[in-house]
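The values are calculated or read from the model by the stated rules, or taken from the named source; none is laboratory data. What you see is a predicted model, and the numbers here were worked out from it, not measured in a lab. Note: ideal-geometry Cβ built from the backbone for every residue, glycine included; neighbour counts use all protein chains shown.
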Amino acid sequence: MKVIRTNNYEEMSKVAADLVISKIKAQPNITLGLATGSTPINLYRQMIQDHQQNGTSYKNIYTVNLDEYIGLPKEHPSSYYFFMKNELFDHLDIPKEQTFIPSGVVADLDEECEKFEQIITNVGGIDLQILGIGPNGHIAFNEPGTPFESRTHVVNLTESTIKANSRFFKTIEEVPTRAISLGLKTIFESKQIILLASGPKKAHAIRDLIDGPIDEQYPASILKKHPNSILIADNDAMQLVSTKSDTILSSDFLAR
Ligand code: GLP
């Protein structure tokens with residue numbers, strides 16, 4: 001795992017946007033794996049801006065989302081479907097039928113999980129996966145202890161994740177207690193993975209990821225086994241890391 005340290009959120013987003021947009025330009029039919037949450041919002045804004053100003057097209061791109069809350073319909077303002085539509089898809093020229101997000105309101109959730117794995121296979125696998133990280137180290141909704149071999153599955157959210165995500169809901173009681181999530185193995189099979197982290201609330205998770213072992217208690221640590229994974233984290237998120245590693249690059253290396 002390559003680590004790029006940036007000064008702040010804006011710089012983290014810029015480094016990520018430069019990487020993502022250059023991949024899209026090089027491979028206009030790329031399959032992107034997308035994340036929700038506050039972390040990738042500025043990256044998505046830069047993708048939209050680049051599309052509007054430079055005409056980078058998404059007509060032949062497929063997207064697959066990581067997760068969705070169980071019980072929230074598409075129209076619910078806190079659903080991940082709603083988020084993706086508002087923060088990204090409505091502002092690009094991507095055909096709606098090329099964007100895939102698991103549904104959390106189907107009768108048969110196990111069937112939805114299998115269907116989602118099939119969709120990923122049908123689009124030829126995920127070329128570039130964008131990830132955020134939860135304060136407890138989860139990626140997508142794979143909570144600590146999730147097997148590295150897991151496929152798309154139904155998850156019971158931990159108290160800490162419900163609390164962390166309650167900021168997107170009117171009350172904590174409104175936060176669903178379950179979600180559908182891509183499994184860790186499914187994510188790991190992506191050809192390239194970019195993990196984004198910003199702010200002091202992620203400092204423990206990033207310390208565990210960099211300084212800690214590869215262990216199912218730290219779901220993101222699976223990325224250390226991946227041949228083409230990059231962590232882009234800002235100073236606040238990196239503040240507890242003690243590993244002094246040559247592999248930690250400052251963002252200005254990209255300009256060299
Ligand atoms: C949720 C999502 C994750 C996301 C995490 C962090 O739990 N399921 O995919 O990475 O939140 O969110 P944020 O970027 O808002 O800190």
Being farther than 13 Å from Thr146 by Cβ, under 13 Å from the mean Cα position of the chain (by Cα), among the hydrophobic types (A, V, I, L, M, F, W, C) and away from the ligand (no atom under 13 Å from the Cβ): is that true of Ile230 here? yes
Considering only residues that are assigned to a loop (DSSP other than H, G, I, E, B) and hydroxyl-bearing (Ser, Thr, Tyr), which ones fall in region 31-62? Thr36, Ser38, Thr39, Thr56, Ser57, Tyr58
Being away from the ligand (no atom under 12 Å from the Cβ) and modelled with pLDDT of 95 or more is true for just one of Ile162, Ile187, Ile126. Which residue is that? Ile126
Does Pro176 satisfy being touching a Gly at 6+ places or on another chain (Cβ under 9 Å), surrounded by fewer than 22 Cβ atoms within 10 Å (Cβ to Cβ) and within 14 Å of Ala220 (Cβ to Cβ)? no
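Matching residues to (1) in a helix (DSSP H, G or I); (2) surrounded by fewer than 20 Cβ atoms within 10 Å (Cβ to Cβ):
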residue	(1), (2)
Leu72	no, no
Val106	no, yes
Glu111	yes, yes
Ile126	no, no
Would you check if Phe116 is more than 10 Å from the ligand (Cβ to nearest atom), over 17 Å from Lys201 (Cα atoms), touching a helix residue (DSSP H, G or I) at 6+ places or on another chain (Cβ under 6 Å) and at pLDDT 95 or above? no
